[in-house]
Structure formats: structure tokens, C-alpha cells
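The values are calculated or read from the model by the stated rules, or taken from the named source; none is laboratory data. Only a predicted model underlies this, so the values are computations on that prediction, with no experimental measurement involved. Note that we place each Cβ from the backbone using ideal geometry, even for glycine, and neighbour counts take in every protein chain shown.
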Amino acid sequence: MLENVFGYKSSELPQRPMWNLHSEMGAREELSAALLQNGRLRDYRINLRDRDEQVKSFLIDAILLEDEPGRPAGLFGVLKPIPD
């Protein structure tokens, strides 16, 4: 799916953080704030850029992962492409 949707090979994406794929820098902070506030997201719309800098829309379902003391440690989520 990664190659078909984003144009990157699976081996390339671990070297490129997903945060860097956001089409608008402010959107990254909005997603982070919503996730921190709610602990999860359902059908949250985001726009990401593919390898050719084309913007593609997705819905994301995600949950906030926390470490033992309850601090944010990452997220687990699923991207669902929105057809053009």
C-alpha cells in the first residue's frame, strides 16, 4: 500500500517520519493536540503529501500510546484513503 499510495518503497519510509508528510505544518500540531486531548481519533481528516508532493486526503483512526507513568509515547493508527 505504501508504494501505491505514497510512491515510497517500504524500506524508505522508516527513514522519513510520517510527521514530515503533512501538507500543512499547522495540521500536524492540530492532530497532536486533538490526540492528546481525547486519547484517540476516529475518522479525523488529514492531508499528506506523496513522493511527488501531490496532496492526498485520508481519514485516520488512532490511539495515543503511553509509557508506564502515563506520558505520551507514540501513537498507533490506521490511514484510510479518501478517493479523489
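Reported count of residues in region 40-60, each being touching a strand residue (DSSP E or B) at 6+ places or on another chain (Cβ under 7 Å) and within 18 Å of residue 6 (Cβ to Cβ), is 12.
Assessment of region 4-21 against the conditions (over 17 Å from residue 82 (Cβ atoms) and modelled with pLDDT of 85 or more) yields no matching residue. For residue 44, the conditions (1) at pLDDT 90 or above; (2) at positive phi are fulfilled apart from (2).
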